[in-house]
Each structure stands twice: as C-alpha cells, then as structure tokens.
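Let me begin by presenting the structure, written as structure tokens, before commenting on it.
The values are calculated or read from the model by the stated rules, or taken from the named source; none is laboratory data. From a predicted model like this one, the values you see are computed outputs, not experimental measurements. We place every Cβ from the backbone using ideal geometry, glycine too, and count neighbours over all the protein chains shown. What goes into the accessible areas is simple: the full protein's heavy atoms, side chains included, and nothing from ligands, DNA or RNA. Shrake-Rupley method; radii C 1.70, N 1.55, O 1.52, S 1.80 Å.
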Amino acid sequence: MDEIEQNTGSGDRRDELISRVIDGEASERDWMALRALAEADPTVWTDLTKTQAQHEALCALVDEVGLIADDVELPVGPLLTPVEHFERRMAGVRTWGGWAAAAAVLLVWFTGLPSPTAGDRTQTGGVGNIGDVFPKTPEGILDRYMEAGQKSGQVLGQMPQRVVLETRPIAGGDGVEVVYLRQIIEKQVVSSTMSYRLGRDEFGQTTLVPNTQPVRPQSSY
Amino acid sequence: MDEQNPARAGNDQPGLTMVQPPEGAAIGPDEIKRIWRENRRWVAAILLAHKPRETDVEDLLQVVAMAMVRKIGELRDPSAVRPWLRTVAINAARASGREVKRSRRQLRLVRDRGEAPGPDGSADAAGTVELGEESRRLMELARTLPEGYREPLLLRCVRGMSYRQIGAVLDLPETTIETRIARGRRMLRELAEQDSAKDRSESGVAAGA
C-alpha cells in the first residue's frame, strides 16, 4: 500500500485513506495517518461519513441490478439466424388478417392465379404460354412489381443500399453467401380510423394510441 | 500488498469467482454457461455505468448473453474473455443509447405537435428496479463522471469484487484501480455537494418569490 502514499499528492492521499477505510482495507498505519490528517482538518471525518453513505447507496443499486443479472440465463438451444428470424416474423404477419389478404392480392396481381394444373401450358385461357408473359426469376418478378407499382403510384422506388444481415462462407466452396435486406419505398393511404400515434397508457408506458389529432406533414429523411 | 484483505483478494472470494476459461481449448456450452453465471453480476454493473436512463438492465443483459453465445467461439484468446465481455456490454449499452436518442427525437416530434405528454423524468436509473431516492440521485451524478472513474466505482460495489478482479476486467493495474476508486469517490462527493447546494439555492429562490 505504501506505493500509493509515495506516488500521490496530499489530496489524493486523503482520498485514498478514506477509500481504504470504506473498503475495509486500512492498515494501522493508514488509520494513524488519517487521524493525523483529521487533527489538522476535522472535515476529514465528515468526508469519510458522506463517502461511506454514498458508497452504500450505490452498492444498494448495484446489488439490485446484480439480482436481476442472476435471473438472466443464456439462451437455450440453437439460435435463430436472421433469415429464420425474418421467416418467423413473416409467419406472425401472415396471421394478421388485413395484411394476409393484401399479400394474397399482391401475389395474384403479380404472379397470376395459380394454375390448377401446374406445368400444363395448354390451359392458359388463350393468353398463350404463361412463361412468355410472366417472368420466372425473382429479379424479373421484382422488376415487374417495381414497374407496375411505379405506374400505380404505390411504389416510389428502391434504395440503392442493401442492408447486410449476415454473411457466411459457402461450405466447401469459394465465395460468401450474403443475406441482405432490400429497401423498397412504398406509399399507402391510411384512413383516419387506422391512424395511430405514440402516447402513454395508464401505467405511463409509451404505447400506440388511436390518433385523433390532425396530422401535419413530416419527414424522417 | 495485503493478501489478507478482502478487496485485494483474488479467486478465493465467496459470491464471485473469476472463471478462467481453458487455454487453447474450444469453449463448450457448459463452460459458456459457467462463464456467464460467474461474470453476469459485474457485466450488469458495467451496463449500469454506460446505459441510457430509459433502458432496462435486464434487456441489455439479454443482448450481451446473446452476443456471448454467438461470438465467444470467435475469441482468439479465451483468457481475454473478461475484457471482451466488457466491450460487448459497453457496445450494447451504447447501441441502446443511440436507439434511445432516436426515440427521443421521435417523441419530441410528437410532443411538438402537442399530442403526447413529455418525458416526466421519472424513469428508474436501473430500469425496472425500484430504487431509493438517494441511490437514484447518486447514480445520475455517477453517470457524469469520466468513464475511467465511473466503471471502477460501480464495479467495486459488485459483491466481493476485489481491486485485482476489477483490474482484470478493465485491463489496468491494481494500484491504478485503487487510485481511481478513491478519486471517483471524491469527485462524486463533490458533485453531490454541488447538487445539494443547487437544490438549496433553487428552493430558496422559490420560497423568496
């Protein structure tokens, strides 16, 4: 302990002596030094009392947080990848009637009604070969969606950046598989009965509440 | 150095053992669980030192736990698990801070439109924990201390955590830890005195008005 006494000034020495007493570390020599300091300046005792009380108050808080920590266990089982997270979230969305119906409409709009006899190109109702009209690749379908959406005004555009969620090397091969988020900007008219704002519930928690106030123009970018 | 002293002792402390993961060996699920259990209390204290007021420690602990499971296998040096865990905790708290800032901006926009009440400032310093008024006030003041003082001060409050163990987490010598704790306590005491003086002068002004 002497190294501190040698290396620091008198202010620090006073602080360290007080600190050692609080931590139960003060040796006989430390106590003697503290008493000598207090003889010259009795506020040492006041500082000691205050610092001790503050230490105990902080420790009470850290103890509470420690009890919370004791209840937090590591997640059990294999973790979901971002893709699995996404799929799970989508499964949740699909159970929500309004959007499920909307998704079904979109599916029909862009891919056409599924043929009851898939692969049978003779039953195209005179339209001809369905493969000639509807693109087969996801990129092709997306292009059609963008084109139709922009024409109708529902799709404003696509952000040039893609948000990378996950990258992983291809097993046994050269290259990396990148899982990303494509950002497409759409617009939709929301009726006043479906408009919500951030508010507070009876417990003071932030929550969504029906919006009854007039909405002003606002932009987040 | 006083080896008999509780604050200076190492792994022999009840209630807190600093686990040393096996050198050079892959860390198995049981070992990860053990490391987590032995370290989560001080991780919570680190989160407390860095988290925004509005965020629950428990939520952040979940984030750290998740990151630990996902990433601990990538640790090149398993003995560096404590500084690594500290960094994970700080990153989680800072990310939450950025999130809170964004939410505050959104709330401010809503408030500017006169649609929602403003923040009442009553959020607990520890999130879901019910705290005494003095603890809450001191924690708010401790948050304003420089990081180098704030962390050792709070880690010293973790049951049984010695200077040596704090030094291992912060990657600093034991003597530096002791000095920082002592100075941090003085700084906190001075801040509390200033805060009380401000309160007194404000209530004096209010009474005089």
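Can you give the accessible area of A:Asp143, probe radius 1.4 Å, in Å² rounded to 10?
The accessible area of A:Asp143 comes to roughly 90 Å².
I'd like the FRET efficiency for A:Glu28 and B:Glu74, computed as 1/(1 + (r/R0)^6) with the beta carbon distance as r and R0 of 35 Å, rounded to 0.05.
0.10
Please list, or write none, the lysines whose alpha carbon is within less than 23 Å of the alpha carbon of B:Lys33, excluding same-chain residues fewer than 8 places away.
Partners within reach: B:Lys71.
Can you give me the distance in nm between label points at A:Leu165 and B:Asp171, each placed 7 Å from the Cα along the Cα-to-Cβ direction?
3.3
Working with all protein chains in place, sort B:Met66, A:Met146, B:Met161 by solvent-accessible area computed with a 1.4 Å probe, largest first. Intermediate values should be presented prior to the final figure.
Working: B:Met66 75, A:Met146 25, B:Met161 0 Å².
The residues order as B:Met66, A:Met146, B:Met161, largest area first.
Could you put B:Glu140, B:Glu151, A:Glu147 in order of accessible surface area, largest first, with the 1.4 Å probe and the full protein assembly present?
Descending accessible area places them as A:Glu147, B:Glu140, B:Glu151.
Pull up the cross-link candidates among the lysines for B:Lys51, meaning alpha carbon to alpha carbon under 16 Å and not fewer than 8 places away within one chain.
Excluding near neighbours in sequence, the set is B:Lys101.
Check which residues have an amide H placed less than 5 Å from A:Gln158's amide H, if you skip close sequence neighbours.
For A:Gln158, the qualifying residues are A:Ile185.
Given Cβ point charges of +1 (Lys, Arg) and -1 (Asp, Glu) and nothing else, what value in debye, to the nearest 20, does the dipole of region B:34-91 about its Cα centre take?
With Lys and Arg at +1 and Asp and Glu at -1, about 220 debye.
Between A:Phe134 and A:Ser192, what's the calculated FRET efficiency when r is the beta-carbon distance and R0 is 45 Å? Round to 0.05. Walk me through the numbers before you get to the answer.
Working: r = 37 Å, r/R0 = 0.83.
With R0 = 45 Å, the Cβ-Cβ based efficiency is 0.75.
What list of ³J(HN,Hα) couplings, whole Hz, do you get for region B:29-34 from phi and the Karplus terms 6.51, -1.76, 1.60, once you set θ to phi - 60° and write x for glycine and proline?
x, 5, 5, 4, 4, 5
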